[in-house]
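One structure is given here, and the rest of the page talks about it.
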Amino acid sequence: MGPVETPPRRAEELAVIGKRLPKVDAWGKVIGETKYADDLILPRMAHARLLRARHPHARIKAIDTSRARALPGVLAVITGADFPPVKFGILPVSQDEEALSTEKVRYVGDAVAAVAAVDEETAERATELIEVEYEPLPPIMSIEEALAEGTVRIQEYGDGPNIHKLVSLEFGDVEEGFREADLIREDLFYFEGSNHLPMEQHAAVARWDPDGKLTLWSSTQTPHYVHRTLAKVLELPMSHVRVIATPVGGGFGGKSDPFSHELVVARLAQLTGRPVKCTLTREEVFYAHRGRHPVLMWVKTGVTRDGTIQAMHFRSILDGGAYGSYGVASTFYTGALQTVTYKVPRYKFEGCRVFTNKPPCGPKRGHGTPQPRYAIEVHLDKIAEALGLDPAEMRRRQVVEPFSKTANHLTITTCGLEECIDRVVEASGWREKHRRLPPGRGVGFAASSYITGAGLAIYWNEMPHTGVIVKIDRGGGVAAFCGSIDIGQGSDSVLASVVAEVLGILPEDIRVVTADTDLTPVDLGSYSSRVTLMMGNAAKEAAEKLRGLLLDAAAKKLEVSPAGLVARGRRVYLRDDPERGMSFAEAAQLAEAAYGTLAAAGSYRPPRRGGKFKGAGVGPTPAYSYTACVAEVAVDPETGEVRPLEIWIAHDGGRALNPLLVEGQVEGSVYMGLGEALMEEQIFRKGLHKIPSMLEYKSPTTLETPEIRTILVETNDPEGPFGAKEAGQVPLLPLIPAIANAVYDAVGVRVDEIPITPEKVLKGLDQKGKGQEPRVGPERFPRVSFPEPIRVESAFGQPADLSLKRE
């Protein structure tokens, strides 16, 4: 089973798509001209600082701001009382945050008050003069404490005293599947939380115009949702709020929520009559967080002697921190995608998210899926060893079929995972290395899948998920407008390339205007790997409308049929007589004369393909992407240090619109995965983050990054623009378990807990030396009262119904 070739146009007919072109915004970033949020300086601008809680859990008894107000240079001081009593949150079901805390603080770092002053130093000194009287409450700092505590509550809602969400779903008769299995294995795993560590800290600038309208510039991945939140909390019409997302210097999911500093600068700007800027410190970024959830996992799988999966039961408990954020979706994501990589005919998932007095967790690259992927891939490695099977070959035999449905009613379109596996196995010399390298050296394998954009919007509605407007002026200039924001992944380049390909010009001929809620059509945001497919389809639709007008006008001038014309190389000409034609600008003038101002809109709404059960909204997507990975490591038995030597990674992202950018996304995912696998952890002591700085929080440098061999497998998905799928998240997922499996191959130690630190490796080696099981990881899964599962008939093996398109 190889990739399915269904390209909309043959590769040789494409002039821009598939070419290795630099990003359209590359020069501005390389020479330092790109203006990030903190670079903005407006006349009479004031600076804001936030006072943050120093208790992990406490009631606010009183706040005295008089000394801060009296400090020279202070322009305004606000508390939660200066906002309407309105809570907000990214998900409609978790509206639990306040711009500034009013009655209680729920983690060290919760914002309590804010100051605007003539400069940052004065604002910082003023926050130190604010006196807050607290009544400390017992802090809840772990999954176990959250499940055990029934009296003290962090939030006043949820599925239990400190339980945010409980999920229980079963597809098919799982117990029947276990009865048909020759081998049943159970394993426990733990994945520690981590921060996104973007180079750019969060920042926002607010200004009120003389007409009473608000403009906010912010480093955000979701300008549309920030727009909605500002209007809600400040009780303004959305038409009176403008949000402009500035270039984002790294997001990775950490700038996908609305944040308190965005609301604070808006209120302070209103009170002072000045623009106000707030830039978080690096320590504040660690406390603002919204990073990877710590997750405890239990998995039970039944297989036949050849490794064929008969049934799987997966449980997860997420440490969500103090607020909801994306947590309900995160909980479902720890279970929803297990069936999309390998054939799982019967599947049961039970998930639980708890509240703790720590910074709120949210979406980090791969949202909710790296943790279970790590568990599943190490678990399958153990099963392969127990059966005496090659772990890569065992997985290859169970890859999902293209254009099929999974047990939990998800629709697979194209799947190039078999070829991905073949390519990395061959390139890495897997068969010659696995279990055959000298002691201290090892190789590990893993594979994964991920969504290309969520099938449902965060707030359910019938409107498009994205829109693009393309305009052509009479000089041949082209502008493309979209609400998406480039967070470094190259979405501006995708927008320019798709429009350029359709119109027959070059990306550098196009002015890209994005992420301005006053000027651009709505796009839901840069998250869930949605932008390339969704924005790309909308851009293609808009450009094709204009291309039709250009060809019609040129055809009349040339007295030929439009069907015989080609737009390419900044010209419109006859396919059979390339010398006979005209420039793009001339064609644009003819079209404007014939049809009026040249502008067209395109929009995109994903197909509705999920199941009909509660919880079916998480998991569906227009298309899934796939990645396979082999990692080779060296492990020092004296120090426990794990040193990655080489990574082979093959990615099926549909057609690569720009192979250079796709390779960059794959390699960036590998780099991020190495940090999570080996060193990164968001850990706390007495409510305080132990390492809230880039000096202490360990992350790989170029010195720790091995050679990365990237292989692109193209499947040309029918859902994507020119066949494209996602590339920014799934390559991270298999890297982490591949490292874990390689460590076992090298020294015979199973580290069932991420990160794989030297201390854990040494502990496992010590166990091995004493004749004990060489395993380091969690020992027990706490008792959770999961509800009776929602039982749904398994859809495994059914053909995909691609007729279920956008209504």
The number of residues in the range 121-159 that are modelled with pLDDT of 95 or more, small (G, A, S) and either surrounded by fewer than 19 Cβ atoms within 10 Å (Cβ to Cβ) or under 30 Å from R791 (Cβ atoms) (or both) is 4
Restricting to the range 8-48, name every residue that is open to solvent by 70 Å² or more (accessible area, probe 1.4 Å), touching a Phe, Trp or Tyr at 6+ places or on another chain (Cβ under 9 Å) and either at pLDDT below 95 or over 24 Å from T220 (Cα atoms) (or both).
P8, R9
Across the range 228-245, which residue is farthest from A515 (Cα to Cα) among those that are out of contact with any Gly (no Cβ under 9 Å at 6 or more places or on another chain) and surrounded by 24 or more Cβ atoms within 10 Å (Cβ to Cβ)?
L230
For residues that are part of a strand (DSSP E or B) and touching a helix residue (DSSP H, G or I) at 6+ places or on another chain (Cβ under 7 Å), tally how many sit in the range 309-346.
9
Flagged in the range 466-493 as touching a Lys or Arg at 6+ places or on another chain (Cβ under 6 Å) and either part of a loop (DSSP other than H, G, I, E, B) or hydrophobic (A, V, I, L, M, F, W, C) (or both), in numbering order, are A479, G490
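This table checks each residue for (1) open to solvent by less than 30 Å² (accessible area, probe 1.4 Å); (2) of a type in the set (D, E, K, R); (3) outside any helix (DSSP H, G or I); (4) at pLDDT below 95.
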position: R709; (1), (2), (3), (4): no, yes, yes, no
position: T715; (1), (2), (3), (4): yes, no, yes, no
position: E719; (1), (2), (3), (4): yes, yes, yes, no
position: A727; (1), (2), (3), (4): yes, no, yes, no
position: L733; (1), (2), (3), (4): yes, no, no, no
position: N741; (1), (2), (3), (4): yes, no, no, no
position: V761; (1), (2), (3), (4): yes, no, no, no
position: D766; (1), (2), (3), (4): no, yes, no, no
position: E779; (1), (2), (3), (4): no, yes, yes, no
Looking at the range 662-676, can you tell me whether even one residue there is in a helix (DSSP H, G or I), over 17 Å from the mean Cα position of the chain (by Cα) and either surrounded by fewer than 22 Cβ atoms within 10 Å (Cβ to Cβ) or basic (K, R) (or both)?
yes
Quick check on the range 590-617: of everything there that is assigned to a loop (DSSP other than H, G, I, E, B) and among the charged types (D, E, K, R), which residue is most open to solvent (accessible area, probe 1.4 Å)?
K612
From the list E632, E638, E646, which one is buried (at least 19 other Cβ atoms within 10 Å of the Cβ), more than 20 Å from S529 (Cα to Cα) and of a type outside the set (F, W, Y)?
E632
Is there any pair linking a residue in the range 575-601 that is more than 20 Å from A480 (Cβ to Cβ) and free of Cβ contacts under 8 Å to residues at least 40 places away in the same chain to one that is basic (K, R) and part of a strand (DSSP E or B), with Cβ under 7 Å and at least six apart or on different chains, and which?
G581/R571; M582/R571
Given the structure, is L216 touching a residue at least 40 places away in the same chain (Cβ under 8 Å), aliphatic (A, V, I, L, M) and crowded, with 16+ Cβ neighbours inside 10 Å?
yes
Of the residues that sit in the range 454-477 and are hydrophobic (A, V, I, L, M, F, W, C) and surrounded by fewer than 24 Cβ atoms within 10 Å (Cβ to Cβ), which one is nearest to R609 (Cα to Cα)?
L456
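The values are calculated or read from the model by the stated rules, or taken from the named source; none is laboratory data. Model, not experiment: these values are computed from the prediction. Positions of Cβ are generated from backbone atoms using ideal geometry, with glycine treated the same way; all protein chains shown enter the neighbour counts. These area figures cover heavy atoms from the full protein model, side chains too; ligands, DNA and RNA do not enter into them. Shrake-Rupley method; radii C 1.70, N 1.55, O 1.52, S 1.80 Å.
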